[in-house]
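**Student:** Starting off with a structure, shown below.
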């Protein structure tokens with residue numbers, strides 16, 4: 001499911017007193033397993049002495065990698081490990097210790113677990129960002145844990161090279177949509193590129209109708225268009241889609257967040273719901289200037305390679321919640337043909353009024369703790385078609401009713417905002433792994 005293969009460098013550690021045949025064999029087995037798991041892997045020579053550590057450092061310097069694998073094949077000289085990892089201590093580290101193996105009717109060991117006892121505690125005292133896994137290459141538990149780590153470590157690396165486009169800022173005084181720019185960059189790695197919505201309006205007005213004629217024609221043939229939606233409405237909306245897509249490509253944005261209320265929704269009278277519903281098939285998008293939300297969406301997108309969305313939590317009951325946003329959902333997640341309608345209450349323009357597909361979903365939301373460190377609320381359940389509902393005077397919202405795996409009151413007591421990111425599938429374990437690497441405090445309900 002990973003869009004890109006995780007990249008790693010494996011550094012195996014041994015001890016001069018053990019036969020090379022064992023060390024070489026177990027290194028080979030370990031490499032094979034990691035490659036089977038889809039890791040793009042480079043492997044250094046086995047480190048047994050201090051000069052070997054120098055050579056391993058050179059291998060690390062020559063490679064771009066998401067994470068480092070410290071493989072303990074046997075008992076080791078602990079300083080050799082620290083000599084290698086010290087220069088790369090800002091990267092996630094998978095500390096993998098082999099255990100015992102069978103030769104005929106006898107169990108054998110080279111002493112890797114005693115070595116792990118020393119190194120694991122040393123890594124903890126040094127404050128390294130690591131995960132400890134122990135077992136032989138053929139063990140399913142080892143493969144499962146390494147796969148989770150590899151996916152999360154790859155996301156950590158990708159976040160460090162990601163930029164979110166922010167047009168406008170937090171809408172309607174939403175405190176939970178605000179963010180601290182430098183701590184966000186320092187702790188999660190994400191950059192935010194901020195522009196005003198004026199750039200969108202200006203570029204839409206400069207664009208000729210002929211530049212979206214084909215898109216308008218296609219929309220008329222492929223969408224269910226509700227009463228009151230004029231060709232002029234479609235033209236403005238599809239121009240806005242072209243403008244947003246052009247901005248994403250021009251600035252290399254990995255995700256897009258835009259404030260609609262009130263600049264676009266009341267003054268310009270054209271909400272970005274349809275442009276975002278189209279662009280949401282391509283990159284994570286959401287509205288109302290909510291940066292913690294779109295960062296959560298980006299995390300889910302990188303973890304899964306899937307289209308992601310978001311919704312407002314409208315009601316919470318003992319076993320289910322109702323989730324939906326006012327006019328936005330990626331068309332690729334909607335059931336059937338895109339449905340669009342004209343709205344003139346609360347906000348103005350053309351909006352998406354389709355319904356979400358059914359299926360397993362993961363909902364998540366980044367938030368701040370009082371000390372401004374990050375937390376994440378994770379919810380899992382089964383998306384079903386919602387009851388008939390609408391906000392007073394508005395079109396039906398793209399929405400879903402989620403039958404919870406947990407309890408509704410637990411969800412309510414941990415609400416981190418009204419906006420929650422949505423991904424189809426159960427990605428609780430993947431999110432927890434990512435939270436561990438990024439020092440995010442998770443809560444699962």
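**Student:** May I ask you to say which residue of 104, 117, 111 is touching a residue at least 60 places away in the same chain (Cβ under 8 Å) and in the same structural domain as residue 153 (by TED's automatic domain parsing)?
**Tutor:** 111
**Student:** What's the number of the condition residue 416 fails, among (1) outside any helix (DSSP H, G or I); (2) more than 21 Å from the chain's Cα centre (by Cα); (3) within 24 Å of residue 174 (Cα to Cα)?
**Tutor:** (2)
**Student:** Quick one: which residue in 409, 371 is under 24 Å from the mean Cα position of the chain (by Cα) and assigned by TED's automatic domain parsing to the domain that holds residue 302?
**Tutor:** On inspection, the qualifying residue turns out to be 371.
**Student:** Look through 83, 52 and report the one residue that is in a helix (DSSP H, G or I), free of Cβ contacts under 8 Å to residues at least 40 places away in the same chain and closer than 30 Å to residue 159 by Cβ.
**Tutor:** One residue alone meets the criteria, 83.
**Student:** So, residue 393, is that one over 30 Å from residue 150 (Cα atoms) and surrounded by fewer than 20 Cβ atoms within 10 Å (Cβ to Cβ) or not?
**Tutor:** In short, yes.
One line per residue, one yes/no per condition, for (1) assigned to a loop (DSSP other than H, G, I, E, B); (2) modelled with pLDDT under 95; (3) buried (at least 16 other Cβ atoms within 10 Å of the Cβ):
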| residue | (1), (2), (3) |
| --- | --- |
| 342 | no, yes, yes |
| 345 | yes, yes, no |
| 350 | no, yes, yes |
| 354 | yes, yes, yes |
| 361 | no, no, yes |
| 366 | no, no, yes |
| 372 | yes, yes, no |
| 376 | no, no, yes |
| 379 | no, no, yes |
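**Student:** Would you say residue 89 is within 25 Å of the chain's Cα centre (by Cα), surrounded by fewer than 22 Cβ atoms within 10 Å (Cβ to Cβ) and not assigned by TED's automatic domain parsing to the domain that holds residue 437?
**Tutor:** When the stated conditions are applied, residue 89 passes them.
**Student:** What pairs come out if I take residues in the range 28-39 that are assigned by TED's automatic domain parsing to the domain that holds residue 96 and pair them with residues that are surrounded by fewer than 18 Cβ atoms within 10 Å (Cβ to Cβ) and in a helix (DSSP H, G or I) whose C-beta lies under 7 Å away, six or more apart or interchain?
**Tutor:** From the range 28-39, the pairs are 33/143; 37/143.
**Student:** Taking the range 167-184, which residues are under 19 Å from residue 420 (Cα atoms) and either free of Cβ contacts under 8 Å to residues at least 12 places away in the same chain or not assigned by TED's automatic domain parsing to the domain that holds residue 429 (or both)?
**Tutor:** 173, 175
**Student:** I need a count of the residues in the range 1-47 that are modelled with pLDDT under 95 and within 17 Å of residue 152 (Cα to Cα).
**Tutor:** The total comes to 5.
**Student:** Among the residues of the range 217-230, is there at least one that is on the phi < 0 side of the Ramachandran plot and buried (at least 22 other Cβ atoms within 10 Å of the Cβ)?
**Tutor:** The answer is yes; a qualifying residue exists.
**Student:** Okay, moving on. Only one residue in 107, 96 is in a strand (DSSP E or B), more than 19 Å from residue 147 (Cα to Cα) and touching a strand residue (DSSP E or B) at 6+ places or on another chain (Cβ under 6 Å). Which one?
**Tutor:** That would be 107, the only listed residue that is in a strand (DSSP E or B), more than 19 Å from residue 147 (Cα to Cα) and touching a strand residue (DSSP E or B) at 6+ places or on another chain (Cβ under 6 Å).
**Student:** How many residues does the range 137-166 contain that are in contact with a strand residue (DSSP E or B) (Cβ under 6 Å, 6 or more places away or on another chain) and either modelled with pLDDT under 95 or surrounded by fewer than 17 Cβ atoms within 10 Å (Cβ to Cβ) (or both)?
**Tutor:** Qualifying residue count for the region: 1.
The values are calculated or read from the model by the stated rules, or taken from the named source; none is laboratory data. Note that this is a predicted model, so its numbers are computed, not measured. Here Cβ is always computed from backbone atoms with ideal geometry, including for glycine, and neighbour counts include all displayed protein chains.
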